[in-house]
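Reviewing the structure listed below.
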Amino acid sequence: MSIDVSGVTKKYGDFVALDDVSVSLPTGQLTALLGPSGGGKSTLLRIIAGLDSADSGTVSIEGRDATSLPPQKRNVGFVFQHYAVFKHMSVAKNVAFGLEIRKRSKADTAKRVEELLELVHLSQFAHRLPAQLSGGQRQRMALARALAVEPTVLLLDEPFGALDAKVRKELRDWLRRLHDEVHVTTVFVTHDQEEALEVADEIVVINQGRVEQVGTPDELYDAPANDFVMGFLGETTTLAGRTVRPHDIDVSTDPGTPGSVAATVLRVLRIGFEVRVTAVTEAGENVVVTLTRAHARQLRLDADVKVWLTPVEGAVSIAPGGSEVVPVGA
Amino acid sequence: MVELSTPTKWGLRLVAIGYVFFLVVWPLGVLVQRTFASGMTALSDALADPQVVGAVNLTLVVAFYAVVINLVFGVTISILLVRYEFPGKRLLSALIDLPLSVSPVVVGLAILLVYNGRDGLFGPTLEAADVQIIFSSFGMIMATCFVALPLVIREVVPTLHEIGEDQEQAARSLGANAPQTFLRITLPSIKWAVVYGVVLSLARSIGEFGAVKIVSGNITGRTQTATLLVEGKYQNFQQDTAYATSFLLILVSIACLVVVAVLRPSDHKK
């Protein structure tokens, strides 16, 4: 294990940011700390980096106890949401900073900076000031700067949070490829489940200062530990008291299927290629079902149409309040 | 921008220009005119007067030390105020503004009370150790430091807030220790604010009158600064010397203004 966090608690006054958190992050992997804003994930990352200190608990990096080490002695690379570029230095100087602090020879530094700028596709901007770069370029520069010191772990705090949607997606793919090339243990914080599912090898779901679940994207999606994890990783609705995903419900216009729940369509809302149907069961439960446009048209769904709803085979559902997860029909 | 009608626009301009003209430009213009009323003689006489030369020198020495001391403490206190939490922080912040609101004469009197050699709080002890504060450059530097104290801090604090802590934390995570972070990251970022604060402090220190007058004892040829000399000469009916010395003081202020004017735009461009 590359990073071992055990029993970490952090309070800001009465607010508990982290409540006895223990988590181990494996070497060489890309791990996402996922959770809602204010859930404590950034605090955890900053405690790993030494930028904040825990009230209690320990952090060890590569088997070495780092709990009381100052940030400059932990050999971690940290990338900030708002880039934290050194405004008065050129791009090349920014990247060289850590190497100059480590008193590397001029030739070595220049060579390494060149390699890194190549890696982040910024070679032609080496002599510009950060103010002349776009947000995405600044963040790539910040990444190169963090990688320059060959950190044992690379920590990214909402690295793409300040970028627009398109650049975000590009950088996300790029980070994944970069990680496959460089293989440094990487932890990034995000509140965007799509980002985590797409990029990470492993996801740690954090909510209200606690770890809700740790697992691969597939594990989390297919076997969420509880309502919260299931709800955070995608849309959910309830059918006959169980939490299900809206696209995991079969809609039929005749009552043939055993175990189906009768309902009346309340409204039909079209969003692009998808149709979102809200139906009320006889028990008064509001169920949301998503269908493709073609399927909805085929069923002639409209308000007041009588339908019968069944969870599709193999769908994940969770019983009310419980952590029992049952793939239906398995 | 609000669109104003043409008469209003001209009216406002006239008021602004008139105000500055009658308050600043005209009086100073007359002073300069008096200085050169008899050609260069007043100025060259003044520059040949050892009292004037001594006073100007003393002013520069006192201002220099006061600015250096305020620079070091100003930057340190600014960082303390912005980057650290400690009990009494708000009180300290409020106290720093005090010199702006307290009359310099009162400042001089207060320093006199504490440090005078006869019945001051520390005075006799220091005097016994052969350190004389009152009626010497020490006291004058102290008084000048006091009145110019907020100028560096009030320039640097907002800039420190503005640049935030991110860059410093990034430097730390890249392996820089506290002094390295300060020299390579913080200082270059607040450079212009510091320069601006220094220029303001310098102008304020050179112009200081009330506090220095009380603390220095105004001893001609020993503890008389340029501003004190101007008053002294004027009251002794040596108006020409007073005008000439005033002119020298104006020159220093203009030099400061030029420095500020040159610096400010480059500050905004960043």
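Rule-based calculations on the coordinates, nothing more; no lab input. Given the structure is predicted, the values throughout are model-derived calculations rather than measurements. All Cβ positions, glycine included, derive from the backbone under ideal geometry; neighbour counts span all protein chains shown.
Okay, here's what the table says:
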{"read-out": "Per-residue [θ]222 nm for chain A (sum of -39500 (n - 2.57) over DSSP H runs n ≥ 4, rounded to 500)", "value": "-8000 deg cm²/dmol"}
{"read-out": "Sparse-neighbour loop sites [chymotrypsin sites (Phe, Trp or Tyr not before Pro); region B:39-94; at most 15 other C-beta within 10 Å; DSSP]", "value": "B:Tyr84"}
{"read-out": "Estimated [θ] at 222 nm from DSSP helical runs (n ≥ 4, -39500 (n - 2.57)) normalised by residues in chain B, nearest 500", "value": "-25000 deg cm²/dmol"}
{"read-out": "Relative frequency of Cα-Cα separations exceeding 33 Å in the protein assembly as shown, percent", "value": "64"}
{"read-out": "Spin-label model distance (nm) - B:Glu3 vs B:Val258, 7 Å beyond Cα toward Cβ", "value": "4.2"}
{"read-out": "Label-point gap, in nm, between B:Val195 and A:Ser90 - each point 7 angstrom along Cα→Cβ", "value": "2.1"}
{"read-out": "Alpha-carbon centroids, region B:161-223 and region A:20-98: separation in whole Å", "value": "32"}
{"read-out": "Axial C-alpha extent at least 15 Å, average Kyte-Doolittle at least 1.6 - helices from chain B (DSSP)", "value": "B:50-83, B:104-115"}
{"read-out": "Most positive-pole-ward Cα, A:Leu45, B:Phe122, A:Thr152, against dipole of the protein assembly as shown from beta carbon charges", "value": "B:Phe122"}
{"read-out": "Excluding exposed DSSP-loop GluC sites (Glu not before Pro) (at most 11 other C-beta within 10 Å), longest clean stretch of chain A", "value": "A:1-281"}
{"read-out": "Chain A: most fluctuating residue of A:Gly272, A:Gly284, A:Gly135 per GNM, C-alpha cutoff 10 Å", "value": "A:Gly272"}
{"read-out": "For region B:1-120: rounded, prolate or oblate by the Cα gyration tensor [a/c cutoff 1.5]", "value": "oblate"}
{"read-out": "Number of partner chain Cβ atoms within 10 Å, mean per residue of A:138-151", "value": "1"}
{"read-out": "Highest-fluctuation residue, B:Gln132, B:Gln167, B:Gln51 considered, GNM on chain B with Cα pairs under 10 Å", "value": "B:Gln167"}
{"read-out": "Förster radius 35 Å - calculated FRET efficiency between A:Ala319 and B:Phe86 (Cβ-Cβ, nearest 0.05)", "value": "0.10"}
{"read-out": "Fraction of antiparallel bridges per DSSP, the protein assembly as shown only, in percent to nearest 5", "value": "75"}
{"read-out": "Total charge dipole magnitude, the protein assembly as shown, about the Cα centre, Cβ charges on Lys, Arg, Asp, Glu only, Debye to nearest 20", "value": "2460"}
{"read-out": "Dipole axis of region B:175-270 (+1 Lys, Arg; -1 Asp, Glu on Cβ), positive-most option in B:Leu200, B:Ile185, B:Val212", "value": "B:Ile185"}
